[in-house]
Structures are given as structure tokens and as C-alpha cells.
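The values are calculated or read from the model by the stated rules, or taken from the named source; none is laboratory data. Since the model is a prediction, treat every value here as computed from it, not as a measurement. FYI the Cβ positions are ideal-geometry reconstructions off the backbone, even for glycines, and counts take in every protein chain you see. With ligands, DNA and RNA removed, areas are computed over all heavy atoms of the protein, side chains included. Shrake-Rupley method; radii C 1.70, N 1.55, O 1.52, S 1.80 Å.
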Amino acid sequence: MCQAIQHELIHQMEERLQKSFPRGEFEVTTGEDGMHLQVTVTTAEFKDKTLMEQHRLVYAAFTDIINSGELHSINIKTTSVWTTTTWKKSNNS
């Protein structure tokens, strides 16, 4: 994947995440090999959702990019605000 194309794809993915999760926090990064993308999303919308449901919501933001073949592989990490807050509290005790 060319750096220019990759940069444009990352920008496009960030815009879609912003639209899909306007109150969330997210990050799109490349792996060490520069070929694989990782998306990390934290939002209250994930509270009480299973990991699979959370990932489906993230994938939904990229359906047409995946179907076109422009994006073929993505590593997703998700957490809810509740999980993050709980984790912080448990580590500060």
C-alpha cells in the first residue's frame, strides 16, 4: 500500500469514525510493517454491548471501503467509557 494512498485512507477512516461516534475517542494507526491498520475506539455507545456488537458497529462505518477492496484488513480494539473509568479506578486503588 502506497504511503499517499494509506494516508488518504486513514483520513477517510477518521472522518467516518467521527461521524459514527461523535462523542467517542478514536485512533487509526498503522502497524510496524506499514501495511496493516489498527482502529481503537472508546465510546459510551459500547456500554452493555458485547465485543462482537462493538466491532460490528465499527465495521459498519467502513462497509463500502471494505466491499470495494480498498480496505481488506483491520485490527479493531474497542472499550466503553464505563470500562475505561472502571479500569482507572481499579488501578488507582
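Please specify each residue of the range 13-35 satisfying the condition of being more than 16 Å from ALA61 (Cα to Cα) and open to solvent by less than 80 Å² (accessible area, probe 1.4 Å).
Selection gives THR29, THR30, GLY31, GLY34.
Contact list please: Cβ distance under 7 Å, first residue in the range 8-29 and within 16 Å of THR78 (Cβ to Cβ), second residue of a type in the set (D, E, K, R) and surrounded by 15 or more Cβ atoms within 10 Å (Cβ to Cβ), pairs at least six apart or on different chains.
Listed pairs, sorted by first residue: PHE21/GLU45; GLY24/GLU45.
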